[in-house]
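Take a look at the structure set out below.
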Amino acid sequence: MLHFETSPLKIVRASRQYLYDESGNEYLDCITNASHVGHCHPHVVTAGQEQMARLVTSTGFLNDQMSEYAKRLISTMPESLSVCFFLNSGSEANDLAIRLARAYTKHEDVVCLDSAYHGNLGSLIEISPSRFKKLGSSHIKKDWVHIAPTPYLYRGKYREDASNPGLLYANEVLTVIKKAKSSGREIAAFICEPLMSAGGIIIYPQNYLQHTYRYVREMGGVCIADEVQSAFGRTGEHTWAFQTQDVIPDIVTVGKPIGNGYPFSAVITTKEIADCIGEFSTTFGGNPVACAVGMAVLDVIENEKLMASARSVGKCLLDGFRSIMPSHPMMGEVRGMGLMVGVELVIDKESRKPASEAAEILAYRMKENKIIIAYDGLEKNVMVMTPPMCFTCDNAHHVVQVFDQLLQEIENEAATTGLAASSVGNPSTSGVGPLHRMISNARFNASDDDSDDNVTSKCAKYEGVD
Ligand code: PMP
């Protein structure tokens, strides 16, 4: 997959929160959370270069870098989480987490959330409904997979007006587990992100994970927190996002930011669970370069006080977006924590129907204005920002100001000619190509019945085009 498929960028260099294309254009990067402490941070680069000149891989030998890094990583965790496994990607970490859960519980099944993404390995696509739903009837859900509704207060099953939505959504997980048990299945694990990123920055209602973890453990399973996107202070409140829900998982997986872009990941778990693995080996996981880089990342987070910065800059972003919300009929909800921020675009605030086209057009136009922003969520209608942690309040003000102006234009075009017309036949101003024209044409062809329902369903047919 490419960002901006119809006019992709070739990025040739990057520094801090900026990307540079081959013509030297500078883009403000609001999406690369893997470059956690800033692109090509000199402290991280030097640590990696120096270690690379000394020793790269040495698995099977004693390795000071690995044990020192493991100790430092574990010192940030609750006491029970005291054993680390090192790997090379978030997907590998989640796959090992499932293997550990199965070895420990002697059960096979996994409960996941219906907007989840947990990685690209075969095992993980099966527990990533956000991906396998796109395969349509060519994908058959595996018997060992059980899906619970995402605790999504804005457009989910229970909304912000429900009383105790955290418990209601947790009860959904319990129901799913009971149903599985009644057909003879046993649960090894419940896996979710403590704050959902790919689903469109979804902050769970209070106590959701507390109730859910209790149910899962009562039913014989363990709880896996996928912190591949949310770790290392990104929420601005705590080092780990699970702490924002006041729970302690049995297994935590970490990826992306751990190596600031260098392939590195980890699974952290209890001694009891780790001891069940039998044999484990990896050629590159935890190699000395990865550990030196990981150590340097932790140094920078501390030295530059990046968690506190994520809190204050995140507030600038959230406050900025909330201040422009009343003048934008399409801004349905602004939500986030620290430097994980989402703005959900809707056709109108009453129906809350997703404005997926507007989100895509807005992302392309932001790119023309040299700001890189994602649009994500199941309906691809949430503008998502997870920038490097060196992002500043000035950056936040700039993003909000450009967003305000461009969304206004899209809303005006939608009001005068219909949303589809804002992209159709006008690629020079929208900067978008065939995909938009196809979506738009489909909408125009459907204009004999242009009720909202009809338009939405016609549109939905084309959402899988990417
Ligand atoms: N879990 C989550 C929540 C992710 O967002 C991702 C990657 N986007 C993964 C797992 C997989 O990580 P990787 O791409 O490093 O394998």
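The values are calculated or read from the model by the stated rules, or taken from the named source; none is laboratory data. Just so it is clear, the model here is predicted, and its values are computed rather than measured. Cβ: placed from backbone, ideal geometry, glycine included. Neighbour counts: every protein chain shown. Heads up: the accessible areas ignore ligands, DNA and RNA and are worked out on the full protein's heavy atoms, side chains in. Shrake-Rupley method; radii C 1.70, N 1.55, O 1.52, S 1.80 Å.
General remarks:
- Taking the conditions (1) touching a Ser or Thr at 6+ places or on another chain (Cβ under 7 Å); (2) within 16 Å of the ligand (Cβ to nearest atom); (3) in a helix (DSSP H, G or I); (4) not β-branched (Val, Ile, Thr) in turn, Phe242 satisfies each one other than (1).
- For segment 97-112, the condition holds for no residue, the condition being that it is within 15 Å of the ligand (Cβ to nearest atom), open to solvent by 20 Å² or more (accessible area, probe 1.4 Å) and either in contact with a strand residue (DSSP E or B) (Cβ under 6 Å, 6 or more places away or on another chain) or more than 20 Å from Gly285 (Cβ to Cβ) (or both).
- Tally of residues being surrounded by fewer than 16 Cβ atoms within 10 Å (Cβ to Cβ) and touching a residue at least 12 places away in the same chain (Cβ under 8 Å) across segment 244-275: 3
- Filter pass, Asp29 being surrounded by fewer than 20 Cβ atoms within 10 Å (Cβ to Cβ), among the charged types (D, E, K, R) and out of contact with any Asp or Glu (no Cβ under 6 Å at 6 or more places or on another chain): no
- With respect to the conditions (1) in a loop (DSSP other than H, G, I, E, B); (2) open to solvent by less than 50 Å² (accessible area, probe 1.4 Å); (3) at pLDDT 95 or above; (4) among the hydroxyl-bearing types (Ser, Thr, Tyr), Ser15 lacks only one, and its number is (1).
- Just one of the numbered conditions (1) in contact with a helix residue (DSSP H, G or I) (Cβ under 8 Å, 6 or more places away or on another chain); (2) crowded, with 23+ Cβ neighbours inside 10 Å is not true of Gly377: (1).
- Any hit, segment 168-177, residues being under 24 Å from the mean Cα position of the chain (by Cα), under 23 Å from Ile251 (Cβ atoms), within 16 Å of the ligand (Cβ to nearest atom) and open to solvent by 10 Å² or more (accessible area, probe 1.4 Å): no
- Subset tally (residues that are open to solvent by less than 20 Å² (accessible area, probe 1.4 Å) and within 29 Å of Gly184 (Cα to Cα)) for segment 214-243: 7
- Residue-level check: of (1) under 30 Å from Asn88 (Cα atoms); (2) touching a helix residue (DSSP H, G or I) at 6+ places or on another chain (Cβ under 6 Å); (3) of a type outside the set (Phe, Trp, Tyr); (4) without any contact (Cβ under 8 Å) to a residue 40 or more places away in the chain, Val334 misses just (1).
- Note on segment 69-92: residues that are loosely packed, with under 14 Cβ neighbours inside 10 Å and not polar (S, T, N, Q) total 2.
- Segment 281-326 - residue that is surrounded by fewer than 19 Cβ atoms within 10 Å (Cβ to Cβ) and among the hydroxyl-bearing types (Ser, Thr, Tyr) and, of those, farthest from Tyr69 (Cα to Cα): Ser323
- The set of residues from segment 130-149 being within 13 Å of the ligand (Cβ to nearest atom) and touching a strand residue (DSSP E or B) at 6+ places or on another chain (Cβ under 8 Å) is empty.
- Helices (runs of 4 or more DSSP H) contained in segment 259-372 and holding at least 3 residues at pLDDT below 95: none
- Residue match in segment 178-187 (condition: within 19 Å of Val252 (Cα to Cα) and open to solvent by less than 40 Å² (accessible area, probe 1.4 Å)): yes
- Filtering segment 19-40 to residues that are assigned to a strand (DSSP E or B) and farther than 20 Å from Gly342 by Cα leaves Leu19, Tyr20, Asp21, Glu26, His39.
- In segment 53-68, the qualifying residues are those that are surrounded by fewer than 14 Cβ atoms within 10 Å (Cβ to Cβ), within 17 Å of Val293 (Cα to Cα) and among the hydrophobic types (A, V, I, L, M, F, W, C), and the one that is modelled with the lowest pLDDT is Val56.
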